[in-house]
Amino acid sequence: MSDVEDAVELMLKQTGCINLHYKVQECIAETGDWRKCQEVVKEFKTCMQAYTDQQRKKYEK
């Protein structure tokens, strides 16, 4: 595992969305087609957006 992957994993752990990230990876590995994984991709996107919104609010204060 490279330092870049470690940095990405650390960032995802901080967001609380890492398990959804793994689900997306698993789905793509199983199906071979990310288009078949849209439901879990949508969940991951929603999780990341919630984290982004939370951070934005924290720094607006």
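The values are calculated or read from the model by the stated rules, or taken from the named source; none is laboratory data. Here the structure is a predicted model, which is why all the values come from computation and not from measurement. Ideal geometry is used to build each Cβ from the backbone, glycine not excepted, and the neighbour counts take in all protein chains shown. Accessible surface areas use protein heavy atoms only, side chains included; no ligands, DNA or RNA. Shrake-Rupley method; radii C 1.70, N 1.55, O 1.52, S 1.80 Å.
Numbers below:
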item: Calculated P(r) tail over 16 Å for the chain, as whole % of Cα pairs; result: 52 percent
item: Potential lengthening between D33 and K45 on full extension [0.36 nm per residue; Cα-Cα distance subtracted]; result: 2.6 nm
item: The chain - percent of accessible surface contributed by carbon and sulfur, probe 1.4 Å; result: 54 percent
item: Surface accessible to a 1.4 Å probe, per residue, for the residues of the chain, Å²; result: 82 Å²
item: Student exercise, the chain dipole from Lys, Arg, Asp, Glu Cβ charges, in Debye to nearest 20; result: 440 debye
item: Using a Förster distance of 30 Å, the FRET efficiency for E60-E5 (Cβ separation, nearest 0.05); result: 0.40
item: Lys/Arg +1, Asp/Glu -1 at C-beta; the chain dipole; positive extreme among W34, L20, A50; result: A50
item: Accessible area, probe 1.4 Å, largest first, for residues T15, T31; result: T31, T15
